[in-house]
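Shown next, in structure tokens, is the structure this report addresses.
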Number of protein chains: 2
Amino acid sequence: MTPKTTGPQRQPLDAAETALIDRYWRAANYLSVGQIYLLDNPLLREPLKAEHIKPRLLGHWGTTPGLNFIYAHLNRIIRARDADVIYVCGPGHGGPGMVANTYLEGTYSEIYPEIAEGEKGMQKLFKQFSFPGGVPSHVAPETPGSIHEGGELGYALVHAYGAAFDNPDLVVACVIGDGEAETGPLSGSWQSHKFLNAARDGAVLPILHLNGYKIANPTVLARMGDEDLRSLFTGYGYQPFFVEGHEPQKMHARMAEVLDEAFDTIAGIQADARAGRAGHACPRWPMIVLRSPKGWTGPKEVDGLKVEDFWRSHQVPVSNCRGDDAHRKILEDWMRSYDPEDLFDASGKLKDELRALVPEGTRRMGANPHANGGLLRRELEVPDFRDYAIAVEGPGRKGGQSTKVLGTYLRDVMRLNEKHANFRVFGPDETESNRLGDVFQATSRVWMEDIRPYDVHLSPDGRVMEVLSEHLCQGWLEGYLLTGRHGFFSCYEAFIHIIDSMFNQHAKWLQVSRELPWRKPVSSLTYLLTSHVWRQDHNGLSHQDPGFIDLVANKKADIVRIYLPPDANTLLWVGDHCLKTYDRINVIVAGKQPEPQWLSMDEAIRHCEAGMGKWDWASNDEGGEPDVVMACAGDVPTMETLAAVDLLREHVPDLKIRVVNVVDLLALQPQYRHPHGLDDAAFDALFTKDRPVVFAYHGYPYLIHRLTYKRTNHDNIHVHGFVDEGTTTTPFDMTVMNELDRYHLALAALKWVPGLEARAPEVVAELQGRLDAHHHYVRAYGDDMPEIRDWVWNR
Amino acid sequence: MTPKTTGPQRQPLDAAETALIDRYWRAANYLSVGQIYLLDNPLLREPLKAEHIKPRLLGHWGTTPGLNFIYAHLNRIIRARDADVIYVCGPGHGGPGMVANTYLEGTYSEIYPEIAEGEKGMQKLFKQFSFPGGVPSHVAPETPGSIHEGGELGYALVHAYGAAFDNPDLVVACVIGDGEAETGPLSGSWQSHKFLNAARDGAVLPILHLNGYKIANPTVLARMGDEDLRSLFTGYGYQPFFVEGHEPQKMHARMAEVLDEAFDTIAGIQADARAGRAGHACPRWPMIVLRSPKGWTGPKEVDGLKVEDFWRSHQVPVSNCRGDDAHRKILEDWMRSYDPEDLFDASGKLKDELRALVPEGTRRMGANPHANGGLLRRELEVPDFRDYAIAVEGPGRKGGQSTKVLGTYLRDVMRLNEKHANFRVFGPDETESNRLGDVFQATSRVWMEDIRPYDVHLSPDGRVMEVLSEHLCQGWLEGYLLTGRHGFFSCYEAFIHIIDSMFNQHAKWLQVSRELPWRKPVSSLTYLLTSHVWRQDHNGLSHQDPGFIDLVANKKADIVRIYLPPDANTLLWVGDHCLKTYDRINVIVAGKQPEPQWLSMDEAIRHCEAGMGKWDWASNDEGGEPDVVMACAGDVPTMETLAAVDLLREHVPDLKIRVVNVVDLLALQPQYRHPHGLDDAAFDALFTKDRPVVFAYHGYPYLIHRLTYKRTNHDNIHVHGFVDEGTTTTPFDMTVMNELDRYHLALAALKWVPGLEARAPEVVAELQGRLDAHHHYVRAYGDDMPEIRDWVWNR
């Protein structure tokens, strides 16, 4: 591989090129201001009138000129070196800048032909911005060249690294605003380069853009001195370069020089690593600190108050341009200061000599296929999941560790795709803990710092990404998927809430992307949540939280899937299925502890394909209507339900019981709500129209009501689940505390079947007695009752 | 104020004191190992037998000896200087260490008398650890001296800073594990000292404990060289001190020396600041990098594999001590290596000369009242909220900005409590944006970096905490509340999801604390969520998410409250009420934009006290049963509902309509589910038993079903809310996209009242026509229909 970052002999920017770049920058600034303000008169061919101004002014100017400055200089270096570069725009509210630049380079009009080059298209470009039915004021899926939504701040740098992994020729230029730099996730992201291997991965060039202010405050990093900044980023392992000032000519010269140095440094690091000269050392990658005024080139003052180089330029620097002639004059002077006649030809197109500064074809950052990863996505190769099935001689007769079995499958997915370098497994230091350790037969954890002789499964070439940060795992994976690759994220169930908001934003990205025909599908983001609420034997309440499912269930139906496989073979089907899907988020919840196994592979396939179904072998309703439906979703609820059924059949042998297990949770919804929804007739056939349903569910019970409230039999569904009772105790005691255990479930059946409690008071007493014995036993001996374990293993 | 950190002349630790501290440390280590392993034979008076070992071994050894080492040395410095110190234990799984130390110092037995000092108590101490009905393996509310749950990692340092604000005499020693140091929130927390004023706040002494490994991996920071670490923390603005090694004698000497230096440095900074000598400069606070082996003093190898100084010591270093004699021998040798006879007297109590190392009374870190903040909590002084009421001449006749009105009240809360220095307002750079700017009449934003002449409302003495990190705001506030103070957090609604998991953990902390009589109530954590889903005029889908409410509603009923005040006067009542509560989390959702105002202060008080109620002035059911109930919760849904009612009354004048508004969302639940729940009779009287209810709700519609599904009339409740349709558009168009607008609501009423659609087809056509016109208008003109604005303001 020849690093594309090497180029011709470096030389200082000459006066002619400086002038051209400055004009290009002015064009981008002009178009940015136009988007924020103008409804019409885009080229200022006549004096600005009130009716040319949008009735509501919405948008963010402050960060934009700096973003435009960087874009122009990246264009230069791409052309000079034929470099393969994408632009991750952290200060996402700089949407007008990213739109302006992709418009100038032609990609915007190629994707959106109605926003054509020329005056008419420019008027539409201006009008659509922050306008009903138009485009948001921040970088979004609609923005060409973007893999990063600029709404919620914190994830620019992790997305950039995710894009760079396994893309050896790519340079991801990542602009980080000084507001975003205050967030936790961004602060943690600076360590990402310690997981990036120069020999096989691309490069990230962080550009910390210090323009000094947030909405209404200075920023912490901007008020740090250069010495502290240099020390900070040196400490993080980077080689910082500074570009500081406000005079355009000097800044152009310095930025060009620094970018040359940075790209040379990257080229050198990559060349050494790829020639095997680097040994195993964590290279000191370049990063740039760019200090430029907020609202640079905008109005210096408005109404006597400082605007340029201050937070007042954050959004709309001069606000009443429609109603106030003086304000409109400020705007007009400002826009004319860019000299549009010098930038655009008579038709309103960018002048040829400026257009010549733009890279060609897919080298244009707005057209780079890495930023539309579906274009590059190669189908994942998967083995036949049936080959990993565990033999189940009879339901509940044998134990197994579901996630461990899945680990063998993932190991071979890893092997099969090694040659394409497009599959990675992510987790916060938990791959082994989550029993997926067999993947280490195929690969290691990636590790670029020092490796010691006694270290285990660490290598610069590993494809398991482990860092104690859910944010980093999630962000890297998002970046990896959005650039066309595949991945798998395993996490403790309770702590996946750490990335709730990232999940939300990724779901929103997918929701919008799917509506854009030019964005090609990307692989789904698949979570395996394990170490779940029911098995926190020593961790207690802080580790007991199944609520992520509820967050997921709030999303648009077709974006999400939730699976609760009750055993290893169902987990295999689900895992395999999820890895083959695209443009979705899949959530799988499954335990990592030894558990009874229920279904053979063939049974598992039938069951999972249907999403839910009756388990005949556990039921005794023999084709008729049952007296009670015992439903379950989740591995522990399934075990407890079957134990409850066992108790009921022993004690009330004439009770007709139907056992229904649900794997695909959203299939509980009506079909008009979710594409996987079971049709009403099938649902009624399974759950009956009027018999009591005792539903044992993994998470918060409400969700089952929410999913089924339009179903015929909804009023008879009685859900047992997690009700936030937890502590340090045995798994079985956890179910008792939340009334999800076999005794409570059996007692519920007795209660809800009309007349049964009265008919069988001795059974109620017996079950209640067993519960009491448990309470006694668990306090006295500190473990489950032996009979429970016996039942599980020797049924 | 005399800083308590100054002390007598420093001198090196002499041999005798070193020996004593080492013995004390060994005692803590001994008790830690005992907790992990032993059921009985706590003092090893007989050889260890299988039955002395717990049947399940659960716990975390690896981090513990380092935590014990720090504890012993902090005891020394507290005694030497009469310092007021609390210990925030970031490596929370080191629970055995914190329990051991508080037991050694006597606080544990004072709080839990059954865990007495002496052999019998020691046996109970050992047995309860990670045992059903016992204590978790990590630091938890049950642990004396703690304000920090050691489950989810990332928040140790923000909690520490929160505790230090406005506690000028306090030093918060904050131990940060090298695992936790990889998280985003912790990484971002290093900047917290730039918001800490040495003149009025206490000090935080971060101790970065690098023991090298996480669960199954090295840590990123531990494998950094000292030079990079020094550079990193210098860059963050600290003065780093290093304590590195594994030989106890040398380590004791070095730790004592460094702690002396650190406390002297703190004393110097504080003395300068308090004497006015510091000027306005951000002082360079000390921090300590402690490198010590993971599992220090534990088994070096087990079964031929490296354990000490490696990740295999993370949990239980030698696992099969019950079943395997050789393993048990390793354990016994390990425990005897601490020489228990040298540590404990014949009765099993810590020997007197070691007990003499412990500080006295509330200087003991387990007994420091700051770590049980309710002991120190002073009631917040509040003005009469009625004084801030806005005059409402008639419903909907006047506009107002609800949060701006609340800002005037908060300003005076700030003024009233200035003298007690116990109230702060937190927000991610959004106080002004959220229209709470009037608080700046009373105080400023705290800012310790450079302040420039043109800066606005920045001061080292400010009590508004603004940083662009929801994690920092949340964590600081938690620390501030848990140490007995008061606060208020305003945030954009969509981005509060960033701290979902912190909210979860704080709710769990409160849930457990409330069960512990010795933990005194602390003030509630109150959120104002604004810039909400319905008013994201230029931000689009990424800023549109009302799902935080759903997360909150999953929590134990009495821990949480959710309020949706529809206007300014109701918001005043709610804000005032929330600030007076304790041990809860209050969520208030209210818009910041100009909105119609509905209720006079007297009406607002009556309405809010009931939690929900009929609005007579908007209803025409005149004491009888209505044909339809138009219910609403949230400001925008309320406005749209009243507009829908207006349309219905115009077009179907004989339709009997009842308008019900809900402020206290959880009052919708039955009383047996929530203490605020309306009783069934009152609910039925309000919502009827059988009439259709069209319910316009602020968030995801399912929640209303979930809260009301046990109510008589549940099947007739038809909820309109946010269904994840969003984009950059006008507020009114947002409601249309989600069918929450007046036309859809009126059409729903027509649909659900039996026979009405058939009776009034022309009304359906008219309303449908208006919707069509909206779609046309919004695309063409880009703003709401003028009639809509007219209606709002001129009703």
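Across the options A:Ala181, A:Leu153, B:Gly268, the greatest Cα extent toward the positive end of the charge dipole of the protein assembly as shown (unit charges at beta carbon of Lys, Arg, Asp, Glu) belongs to B:Gly268. Over the Cα atoms of the range A:574-721, each weighted equally, I'd like the Debye log10 I(q)/I(0) at q = 0.16, 0.19, 0.20 Å⁻¹, rounded to two decimals. Results for the range A:574-721 at q = 0.16, 0.19, 0.20 Å⁻¹ read -0.88, -1.27, -1.40. Counting only Cβ charges, +1 for Lys and Arg and -1 for Asp and Glu, the dipole size of the protein assembly as shown around its Cα centre is about 1340 debye. Remark: relative contact order (chain B) = 11 percent; criterion is Cα-Cα distance under 8 angstrom and separation of 6 or more residues.
Could you rank the peptides A:591-603, B:605-617 by their average count of other C-beta atoms within 10 Å per residue, with the highest value first?
Numbers: A:591-603: 21.2, B:605-617: 18.0.
Order by mean packing, descending: A:591-603, B:605-617.
Name the shape class, rounded, prolate or oblate, that the alpha-carbon gyration tensor gives for the range A:455-520, where a ≥ b ≥ c are the square roots of its eigenvalues, rounded holds for a/c under 1.5, and otherwise prolate holds if a/b is larger than b/c and oblate otherwise. The shape class here is oblate. Between the C-alpha center of the range A:658-714 and that of the range B:567-613 there is a gap of 38 Å.
Here the range B:443-482 is described by how far its Cα atoms reach on the three principal axes: 35, 18, 13 Å, from widest to narrowest.
Computed from backbone phi with θ = phi - 60° and the Karplus coefficients 6.51, -1.76 and 1.60, the 3J(HN,Hα) list for the range A:357-374 is 7, 7, x, 9, x, 6, 6, 5, 5, x, 10, 5, x, 4, 8, 9, x, x Hz; x is used for glycine and proline.
For the range B:385-595, the spread of Cα coordinates along the three principal axes comes to 48, 42, 37 Å, biggest extent given first.
Counting only other chains, what is the mean number of Cβ atoms within 10 angstrom of the Cβ of each residue in peptide A:698-705?
On the way: counts 0, 1, 5, 1, 9, 4, 0, 5.
Per residue, the average neighbour count from other chains is 3.
What is the calculated FRET efficiency for A:Ala346 to A:Ala19, with r their C-beta to C-beta distance and R₀ = 22 Å, to the nearest 0.05? Each step should come with its number before you reach the end.
Numbers: r = 21 Å, r/R0 = 0.97.
Efficiency computed from Cβ-Cβ geometry: 0.55.
Once the gyration tensor of the Cα atoms in the range B:15-370 is diagonalised, the equivalent ellipsoid follows with semi-axes of 34, 22, 17 Å, ordered largest first.
Each residue of the range A:14-25 is assigned a 3J(HN,Hα), and the resulting list reads 8, 4, 5, 5, 4, 4, 5, 4, 5, 5, 4, 4 Hz, derived from the Karplus form 6.51 cos²θ - 1.76 cosθ + 1.60 (θ = phi - 60°), x at Gly and Pro. Under the simplified labelling scheme, the A:Lys580-A:Asp169 pair shows an inter-label distance of 3.2 nm, with each label point 7 Å from Cα along Cα→Cβ. Residues whose amide H falls under 5 Å from that of A:Val560, counting only those 5 or more places apart or on a different chain, are A:Ile585, with hydrogens built in the peptide plane.
Given Cβ point charges of +1 (Lys, Arg) and -1 (Asp, Glu) and nothing else, what value in debye, to the nearest 20, does the dipole of the range B:15-370 about its Cα centre take?
On the way: 36 positive and 46 negative charges, 65 e Å.
Result for the range B:15-370 is approximately 320 debye, rounded to the nearest 20.
Please say if the range A:182-266 is rounded, prolate or oblate, where rounded means a/c under 1.5 for a ≥ b ≥ c the square roots of the C-alpha gyration tensor eigenvalues, and otherwise the choice is prolate for a/b larger than b/c and oblate otherwise? Oblate is the answer for the range A:182-266, as a/c is 1.5 or above yet b/c matches or exceeds a/b. Over chain B, DSSP H runs of length four or greater, each weighted -39,500 (n - 2.57), average out per residue to a 222 nm ellipticity of -11000 deg cm²/dmol. Amide H contacts of A:Phe242 (H built 1.01 Å from N, in plane; Pro and chain starts excluded): A:Val289 sit under 5 Å, all sequence-distant by 5 or more or on other chains. A DSSP coil position with no more than 13 other Cβ atoms inside 10 Å describes the following GluC sites (Glu not before Pro) in the range B:426-535: B:Glu515. Any number yet on Rg/Rh for the range A:596-637, C-alpha, Kirkwood? Result for the range A:596-637 is an Rg/Rh of 0.96. Annotation for the range A:309-346 versus the range B:493-545: alpha-carbon center distance of 40 Å. Note: chain B, Cα convex hull, 172 Å³ per residue. Legend: calculated FRET efficiency, B:Arg378 to A:Asp82, from the Cβ-Cβ distance at R0 = 51 Å, rounded to 0.05, equals 0.15. Taking label points 7 Å from Cα along the Cα-to-Cβ direction, A:Asp272 and A:Arg415 give a separation of 3.7 nm. Sorted on the mean count of surrounding Cβ atoms within 10 Å across their residues, most packed first, peptides A:108-117, B:31-40 read B:31-40, A:108-117.
Only one residue of B:Ser444, B:Ser433, B:Asn372 has its Cα farthest out toward the positive end of the dipole of the range B:351-475, where Lys and Arg carry +1 and Asp and Glu -1 on Cβ, and that residue is B:Asn372.
This model, with +1 at the C-beta of Lys and Arg and -1 at the C-beta of Asp and Glu, gives chain B a dipole about its Cα centre of some 1660 debye. The Rg/Rh ratio of the range B:620-687, with Rg taken over Cα atoms and Rh as the Kirkwood radius over Cα pairs, comes to 1.04. Each label point was placed 7 Å from the Cα along the Cα-to-Cβ direction; for B:Asp646 and A:Lys250 their separation is 5.9 nm. When chain B is described by a simple charge dipole with +1 on each Lys and Arg Cβ and -1 on each Asp and Glu Cβ, the residue from B:Val645, B:Gln123, B:Leu678 located farthest towards its positive end is B:Gln123. Could you tell me whether the range B:128-223 comes out rounded, prolate or oblate from its Cα gyration tensor? Rule is a ≥ b ≥ c as square roots of the eigenvalues, rounded for a/c under 1.5, then prolate if a/b exceeds b/c, otherwise oblate. Oblate is the answer for the range B:128-223, as a/c is 1.5 or above yet b/c matches or exceeds a/b. Partner shielding of B:423-432 amounts to 3, given as the average count of beta-carbon atoms from other chains within 10 Å of each residue beta-carbon.
The HN-Hα couplings worked out from phi for the range B:540-547 by the Karplus form 6.51 cos²θ - 1.76 cosθ + 1.60 (θ = phi - 60°) are x, 4, 5, 9, 10, 7, x, x Hz, whole numbers, x standing for Gly and Pro. Legend: residue pairs B:Lys194/B:Lys250; B:Lys520/B:Lys556; A:Lys300/A:Lys329; A:Lys592/B:Lys710, Cα-Cα distance threshold 24 Å; pairs beyond threshold, B:Lys194/B:Lys250; A:Lys592/B:Lys710.
Scanning residues 5 or more positions from A:Phe426 or on other chains, those with amide H under 5 Å from its amide H are A:Met465, A:Phe488, A:Phe489, A:Ser490, with H placed 1.01 Å from N in the peptide plane. For the protein assembly as shown, evaluate the Debye formula with one uniform point scatterer on each Cα (no solvent term) and list log10 I(q)/I(0) at q = 0.06 Å⁻¹, rounded to two decimals. Cα-only, vacuum Debye calculation for the protein assembly as shown: -0.59.
Shielding of peptide B:49-57 by partners, expressed as the average count of other chain Cβ atoms within 10 Å per residue Cβ, is 1.
Taken together, the values in this text are just the output of simple stated rules run on the coordinates, not laboratory data. Note that the structure is a prediction, hence the values are computed from the model and not measured. Cβ sites come from the backbone with ideal geometry, for glycine too, and all protein chains shown count toward neighbours.
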